[in-house]
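Have a look at the structure below before the remarks.
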Amino acid sequence: MGMNTGDRVRVDRDDTTHEGVLLPSASPDHLVVKLESGYNVGVDRDAADVEVLERDVYDVESDGAEGAASEVAFDDDLPTVALISTGGTIASTVDYRTGAVTAQFDAEDVLRAVPDLAGRANYRGRVVANILSENMEPPIWQDLAEAVHEEVEAGADGVVVMHGTDTMQYSASALSFMLDTPVPVVFTGSQRSADRPSSDNVMNAVCSVEAAKSDAAEVMVCMHASESDDRCALHRGTRVRKNHTSRRDAFETVGGEPLGYVDYDAASEDATGDARGVEYRGEYAERGATDLDITPDLDADVELVKFTPGMDPGFFEVCEGKDGVVIEGTGLGHVHTDFIDTIEDLVDDGATVVMTSQCLEGRVCDRVYDTGRDLLDAGVVEGEDMLPGTAKVKLLWALANTENPAETMRTPLAGEMTDRSTPWTA
């Protein structure tokens, strides 16, 4: 048709017209066009009329072409940050052979996807898994904890874990209990893929690397603090929750303020070895104050059950034989009184049963009403103000690593419980 990849074209098919840059296609039967909106569209070649509007407006071959490579130079004056991938879209790039978003991953891939990271650190790339985050499982948490431990032991000054957003809060909780870390371990992700003009991957990646070079030796989640591209929030791994399906500022610290923030403008001014734009507002474990250690064992025989009015008693009966059960109760930590005998049977059979609340704020207190007192008499452990998901992860860890899991669940270990629950304002 007298056109080349990189040309700006107008494609007419039926009653629809698309204008954009022609991309290479994996199939000779289809055209792939990148639109002004940032999205890609595929069109049946035989059914389309194509007009070339402008020649060679985009050098496609130099950006993501097969065989392209970039070397990551080592600078003795820069810290080393380990980039660990479990999947997700944050390090994705557009594959110009297909027009699709791909998630191939090594240090070079990340720097091609986010060139703003260059000059901030020396990078090592490592893949632990390449899965959708809804497919995350406890054995992968163990692999991830071992990988982080190995990278820090090998001299990494900080770790950034690139993770899908749907279950990031669970993975961050898991590593909070499994690892004692002398350096920052920062989880980040992307709510919107790299081929979208509103993608949050660049800002989240830059802010995460700056946080990984900072002084807080905590497991944190770094994501947009607002819908604007102004700053990222740093959430403690055991107190964070994804509270929106698609907004870029989906993640929030429940029951308090984030540990700190990373100002994107300040972080973007100069790429240096020092942490730029990072400000902490709460207490945190300082870099180097803790010796590196790992306790990766988990007891996966734990269920999280959400109580709802009118629910089938079978939901609790199916937990028979489990080593642990976390209940997401109403209010101060309640379930229907008809379920209390079944719960007591679970405890008598050896299960550790922990009560949490469906409420986003406040703590469990089963001493106020008769139902709560009956639950305590049945052997239920109060989960204080732990998030239900965090409580499940902690119970997985406590059953495998402690002699008295019930007492461990009452004891703050990684900031998962607050001293008291009070309203706060940003």
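Some observations on this one:
- Here the accessible area is traced with a 1.4 Å probe on the protein chains. For the chain, carbon and sulfur cover 43 percent of it.
- Near SER357, the amide H atoms lying under 5 Å from its own belong to GLY329; only residues 5 or more places off or on other chains count, and H is placed 1.01 Å from N.
- Shape category assigned to segment 224-306 from the gyration tensor of Cα positions, a/c cut at 1.5: oblate
- Note on segment 277-426: with charges restricted to the Cβ of Lys and Arg (+1) and Asp and Glu (-1), its dipole about the Cα centre is near 700 debye.
- Along each principal axis, Cα extent of the chain, largest first, Å: 81, 55, 38
- Evaluating 6.51 cos²θ - 1.76 cosθ + 1.60 at θ = phi - 60° for every residue in segment 373-388, the Karplus couplings come out as 5, 5, 5, 5, 4, 6, x, 6, 9, 6, x, 6, 10, 5, 5, x Hz, glycine and proline recorded as x.
- Evaluated at q = 0.16 Å⁻¹: base-10 log I(q)/I(0), Debye formula over Cα of segment 198-251: -0.44
- Net dipole in debye of segment 118-234 [+1 Lys, Arg Cβ; -1 Asp, Glu Cβ; about Cα centre; nearest 20]: 300 debye
- Unpaired by the 4.7 Å Cβ criterion, cysteines found in the chain: CYS222, CYS319, CYS359, CYS365
- Backbone amide hydrogens, once placed in the peptide plane, bring ALA225 within less than 5 Å of ARG231, CYS232, ALA233, excluding anything fewer than 5 places away on its chain.
- Average accessible area per residue (Å²) across the chain - probe 1.4 Å, nucleic acids and ligands excluded: 45 Å²
- Pairs spanning more than 20 Å between alpha-carbon atoms, out of LYS213/LYS394; LYS213/LYS242; LYS322/LYS394; LYS242/LYS322; LYS242/LYS306: LYS213/LYS394; LYS213/LYS242; LYS242/LYS322.
- Size descriptor, Kirkwood hydrodynamic radius, that averages inverse alpha-carbon separations across segment 307-391, Å: 12.5 Å
- Summed side-chain charge close to LYS213 - residues other than LYS213 whose Cβ falls under 11 Å, Lys, Arg +1, Asp, Glu -1: -1
- Inter-label distance for ARG373 and ARG45, nm, one decimal - labels placed 7 Å from Cα along Cα-to-Cβ: 8.0 nm
- Computed from backbone phi with θ = phi - 60° and the Karplus coefficients 6.51, -1.76 and 1.60, the 3J(HN,Hα) list for segment 172-180 is 5, 4, 4, 5, 4, 8, 7, 10, 9 Hz; x is used for glycine and proline.
- Full-stretch length increase - ARG281, ASP180 - with 0.36 nm per residue and alpha-carbon distance subtracted: 34.2 nm
- Pair-distance distribution of segment 273-343: all C-alpha pairs, bin width 5 Å, starting at 0; shares per bin in whole percent are 3, 11, 16, 14, 8, 7, 10, 10, 10, 7, 3, 1, 0.
- Available extension along the chain between ALA154 and LEU413 is 90.6 nm, counting 0.36 nm per residue and deducting the alpha carbon span.
- Tensor-based shape of segment 138-285 (alpha-carbon gyration tensor, a/c under 1.5 rounded, otherwise prolate or oblate): rounded
- Within the shell defined by Cβ-Cβ distances under 12 Å, the residues around THR390 carry a net charge of +1, with Lys and Arg each +1 and Asp and Glu each -1.
- Point-to-point label distance, GLU403-ASP116, nm (Cα→Cβ direction, 7 Å offset): 5.2 nm
- Segment 212-254 versus segment 264-284: alpha-carbon centroid distance in Å: 15 Å
- Sequence-distant residues sharing a close amide H with ALA217 (under 5 Å, placed H): ALA285, GLU286, ARG287
- Each of ILE131 and HIS336 was given a label point 7 Å from its Cα along the Cα-to-Cβ line. The distance between the two points is 3.4 nm.
- Each 10 Å bin from zero up to the one holding the largest Cα-Cα distance in segment 239-390 carries the following percent of pairs: 10, 28, 27, 19, 11, 5, 0.
- On full extension, the segment bounded by GLU269 and THR17 gains 86.6 nm, given 0.36 nm per residue less the C-alpha separation.
- Electrostatic dipole magnitude of the chain [Cβ: Lys, Arg +1; Asp, Glu -1; Cα centre; debye, to 20]: 680 debye
- Summed side-chain charge close to ARG55 - residues other than ARG55 whose Cβ falls under 11 Å, Lys, Arg +1, Asp, Glu -1: -2
- Theoretical FRET efficiency, 1/(1+(r/R0)^6), r = Cβ-Cβ of VAL57 and ASP301, R0 56 Å, to 0.05: 0.45
The values are calculated or read from the model by the stated rules, or taken from the named source; none is laboratory data. Please read these numbers as outputs of a predicted model, since none were measured by experiment. Note: ideal-geometry Cβ built from the backbone for every residue, glycine included; neighbour counts use all protein chains shown. When the accessible area is computed, the model is the full protein with side chains, heavy atoms only, and any ligands, DNA or RNA have been set aside. Shrake-Rupley method; radii C 1.70, N 1.55, O 1.52, S 1.80 Å.
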